[in-house]
1. For the structure I just gave you, tell me whether residue B:325 is hydroxyl-bearing (Ser, Thr, Tyr), assigned to a strand (DSSP E or B) and within 49 Å of the chain's Cα centre (by Cα).
2. With the requirement that a residue be crowded, with 21+ Cβ neighbours inside 10 Å and facing chain A (nearest Cβ under 7 Å), what does the range B:230-239 give you?
3. Which condition number does residue B:602 fail, the rest of (1) at pLDDT 80 or above; (2) surrounded by fewer than 18 Cβ atoms within 10 Å (Cβ to Cβ); (3) within 14 Å of chain A (Cβ to nearest Cβ) being met?
4. So which of B:614, B:589 ends up being surrounded by fewer than 21 Cβ atoms within 10 Å (Cβ to Cβ) and of a type in the set (Ser, Thr, Tyr)?
5. Determine if the range B:435-450 includes at least one residue that is under 30 Å from residue B:502 (Cα atoms) and among the β-branched types (Val, Ile, Thr).
6. Counting only residues that are assigned to a loop (DSSP other than H, G, I, E, B) and not small (Gly, Ala, Ser), how many does the range A:63-120 have?
7. For residues that are surrounded by 24 or more Cβ atoms within 10 Å (Cβ to Cβ), among the aliphatic types (A, V, I, L, M) and assigned to a helix (DSSP H, G or I), tally how many sit in the range B:499-526.
8. Sort out which residues of the range A:512-539 are touching a residue at least 24 places away in the same chain (Cβ under 8 Å), at the interface with chain B (Cβ under 8 Å from one of its Cβ atoms) and assigned to a helix (DSSP H, G or I), and write them in order of number.
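The values are calculated or read from the model by the stated rules, or taken from the named source; none is laboratory data. Treat the numbers as computed from the prediction; the structure is a model and nothing was measured. Here the Cβ is made from the backbone with ideal geometry for all residues, glycine too, and neighbour counts use every protein chain on show.
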Amino acid sequence: MLEAFLFIILLLTITLPVSYLIGKYISIHFDNEKNKRLSKIELFFEKIEQPIFKVCNIDPDKQMSGKEYFLSLFLSNMVISGIAFLCLYFQNVLPFKGNVNYQLELPLILHILSSLITNTCQTHHIPELHLTHLSNYFIMPLLMFYSSASGIATGLAAMRGAVLSKLGNAYADVIKSMTRILMPFSLITSIIFAGLGMPNTFKPSIEYTSLENVKQKIITGPIAAFEAIKLFGENGLSCFNSNSAHPFENPTYLTNFLELVCILIVPIALIFTLGFWLKNLKQSIIILCVLISVLVFEFTTVSYFELKGNPFINKITEQSSPNWIGKETRLGIVGSSIFGAAVSNVSGSSNSSLDSFYPLVNLFGLFNLSNQSIFGVQGFGLVFTINFILYTAFFIGLMLGKTPELFGKKIEKNEIILSSILLLLNPALVFIGIITTLILYPDNSNNFYNHVHYFTRIFYEFASGAASNGSGLEGLSDNNTYWNLSLAIVMFIARYGAMAAMIFLGYSFANKSSLPLTVITFRTDTILFGFIFLFMSFISTILIYIPFLALGPLIEILMYR
Amino acid sequence: MALITEQKKGIFKIDFSSIVQKSLIDSIKLLNPFAVCKNPILFVIECCLILMIILSIKPNIFGETALTKEINIAISLILLLTILFSNLAESLARNYTKAQADSLRIVHGDIEVKRVLENGLIEYVFTSQLNKNDIIKVQEGDFIPIDGEVIEGVASVDESAITGESSTVLKEPGTDISSSVTGGTRILTDWLLIKITSEQGKTYLDQMISIAEDVERHKTPNEISLNTLLIASTISFLLVVITIPVVMNYLSIKVETTFLIALLICLIPTTIGGLITPIRISGFDRINKLNILAMSEKSLEIAGDLNMLYLDKTGTITFGNRMATEFIPLGTHSLNDVAKAAYICSYYDQTPEGKSIIALARRYGIELDIKEIKGIPHEFTAHTRMSGIDLENGDILRKGASDAIKKYVLNKGGKVWQNTDQLVENIAIQGGTPLLISKNNEVIGLIHLKDIVKASIKDRFKELRNLGIKTIMCTGDNNLTAKVITREAGIDEYIAQAKPQDKIALIRDNQSKGMMVAMIGDGTNDAPALAQADIGLAMNTGTVAAKEASNLIDLDSNPTKIIDIIKIGRQLLATRGALTTFSITNDISKYIAILPSIFTLKELNILNIMHLQSSTSAVLSALTFNAIIIPLMTPIALNGISVKDQEPGVILLRNIVIFGLGGLILPFIGIKAIDFVLGRLL
């Protein structure tokens, strides 16, 4: 346990200051106040962006309405997907094939596209077998960059609307997210990763003769670069099927630690940005305290149970050995456990098999995926957090006898409708998915435990799709037409439904004037608010999902006893 | 059924027992599915009720069940009671308000009135046949049928039916304040010709009654957003209840349809869903009890949000007129001389200022015989700006504006004492108006005229500050006067020399900054500002134009009632919020009570925290609790929770502890207790 505590403390002491700086950086670079004095860095980036804006005929200062913003983002997403679709469909005809010669089926292509453009990166395909070098190393990163940038843009637009009373320009936000956040940070990280031993080459594979005199090929690629965007963009798609468990993707304990830092930085930074824009850093700190304490609680509990090991096996062997199943020894129990617990919170990348963890991790995972605000996916998680702040403020306002306000702006019918859509989208999609799957493809075994676990897997699969997370319990043999199509639809609706609701929510707030602070305003940057926020966030998830959490992972946990 | 009984002529009392009777009948009438579908929560309960009735007749329609018909019938009855209880709460609130309105309406009902035709003849018509701009004649003993404006005649009117005050009011044409009459009041003496100013059915009382009666059209903004949230949560729980049987079926665990219906009923926010309308209606009822007519349903909620209050000075903060407070002698003249001169000067002056001068002189002990005051009075004109009297004994007395008197005396070659200017200025600095008195060709003294701030107003403004509201006085007076009054009345800010258009511009400017602005006024010149403000509170003594522009009318013409309005507005919202919190925290406990009955798995035994006697007993207890909590909470909904002006954090914490924590614990005790009884019966 000492290792776990040290790991978590070190993780936070490195992540928080870096996130603080990046949060400040984002708050300055994405506040499109006209007439502000630009710093040297901003001028430098402007020089890079000007030609892009000119070529694409974009006026970055033009403020968009909610409809314009959403349609711009949505349509640009669709155009990129269209290009990607052609490249994937004709990947056998196109150059840079590498060692792969595989015709992708239509449902799988749709799943890959839906999964990547929605920043979910759920992987039903096996990159090494199914994708050519062009697809794997060019198309995938393209989608990963674009979807992550769209996510950041959505989050920033919604927040800008609620805090700064303007929505901004979708194209400018997406391009700036790439040039100012994703590109530079990915570049720095990939250099560090390459330095720490990840291969970074365009050579498809290394051939060698083994000791038994057999010729073997080891697949390589631009892994360090790929890894950077996978983690920074909260994507989670890797160029290898085994994701961050692969020795090339995650060679040492140190890289494992750094990968975790990378996953957490941007979501935490965005919450700092909220504070900078509100000119009230205390607000950020209160929210972060709540979110991080949930995170730390999950980290420590999962580590505790993994270190304790599997009670059945320990009983038989009369030893107490930790639960090593599905974990990489070089990453250790703690490194794997914390990564495993973080998977469902932020990114879909994993370094161990979640399916072989103590089922508690599934309970936490399903809770996180349903809640979506404990950091959550790039940009969107921020809006879900704001959404829970909105609910908290709504109830506090009612209890105090005032029209509720969020950051000084009145919460009225329109905002409640939009935030209800955000809240209902996830259960609607997940439950419909569960119902259809259980009716169409029930598990055929006779074992009660298998039934329960199958249900957990289905639940997790849909929850991870609907939360744009992308992690999975695997074991579903999900590369078939039903799974590919159903999840492609779920991910698509979940992402763009939420995106529309978020942008319109931001726009709705942007059109309101902020009310002045008075003695009777309840301040949202107090500890009391933090507690109510935690309660609201917890209760609104638990009330809807508790029966299914009980029927799935809870039964599994109780069976372990 | 008459909800009110006439005790004396014209005085009605609300009859509670008939209200309860009528409410009981109404609540059964409200079971009509078309009436229920306006409230989504009750609609869901009613759908479940229909399902349960089907299950009571044919228990096996959704598959084999272990439950008997009797249990299904019991559950149907509990559901029926749940709906009836919420209907009853609503009917009670509505009928009570209606009764109050009725007592006003009886006197305001369809009576015969005398319409004056263009040729001067009089015809008898019914009130309902009157149109705007018709002229009617009302005589001693008649009710004034409809709001209007006096165009001829002078009469004393009993407005007690509306204001509750017994003193009569004099109505006469031509003045802002006393020329407007309200429907439902009665003429005690003489007669009036009244021009109808409002359309039939749009009188203030009618507006108020329609807000009380027509529930659906008058939802308030916050109620709409809360309703939206309640619908969203109902949808999510519907999804949950639809998914559970699929998963259970797949896991081959038997699940009773009845239990699922029970779970749904327990999860959807029935308590707040049933009480949301009564809460609003009783809020309006409380405001009507204060003798304030609410013209729009939004006004009450907005009142809770006010940040700023603009007040008209005259008639609102101060008494309508300036009063003399001090005589100051000049040079060799004694105070007595000055007071006497002032008395004589003002004897024929009928203005309130003149009367106040005489009153002050009497307080100085001056009492003059009428015989001493013989002469030719000179009235005040805008040109001379002075008034006075030329006495028979040759003395010429004048009082007036300081510069006018000075000029007058100097022109006559008279004498102005050296310190005059200094004293004049002193009075002006104190916010007063100096008048000079001259005798023949000499200025002999000063009169200090002053605005008198209404008593107790200062404390009330302090209270406003505690409520987070900034008070701003608008006046046409000069800066100095405004400043003094502001200080005396404890007002935060003032705007001097304000023209009507300045007031609108200011209000608009503040609204664009997100402020919620209230305006209190009574004159026609206030009307545009009253219409522009989020809340316009007009005094009943005010002009028709002012009242029409406002959304609240105070029948007692007491501006400080705004504080009560704000408190009632906040109370309305807070009650709704508290009961919503209660309703939601209840869910957790009800989940804990019901889930073990549905998940009959030995692995999930750990969830069975409450250890109720049996599954059936658990479901019945939870449902029963769910039903009886509605009538238990109805008094809170109708009376409102207490709202004190404390720190917001303190209020919040208190409400969370009472309604949040209470909502969590109460069901545990309640359900366990009901189960204790039921378990024995089953």
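1. Spelling it out, residue B:325 is indeed hydroxyl-bearing (Ser, Thr, Tyr), assigned to a strand (DSSP E or B) and within 49 Å of the chain's Cα centre (by Cα).
2. Answer for the range B:230-239, where residues must be crowded, with 21+ Cβ neighbours inside 10 Å and facing chain A (nearest Cβ under 7 Å): just B:236.
3. Unmet condition: (1).
4. Selected residue: B:614, the only one of B:614, B:589 that is surrounded by fewer than 21 Cβ atoms within 10 Å (Cβ to Cβ) and of a type in the set (Ser, Thr, Tyr).
5. So far as the range B:435-450 goes, no, none of its residues is under 30 Å from residue B:502 (Cα atoms) and among the β-branched types (Val, Ile, Thr).
6. 20
7. Within the range B:499-526, residues that are surrounded by 24 or more Cβ atoms within 10 Å (Cβ to Cβ), among the aliphatic types (A, V, I, L, M) and assigned to a helix (DSSP H, G or I) number 1.
8. Residue satisfying the conditions is A:532 alone.
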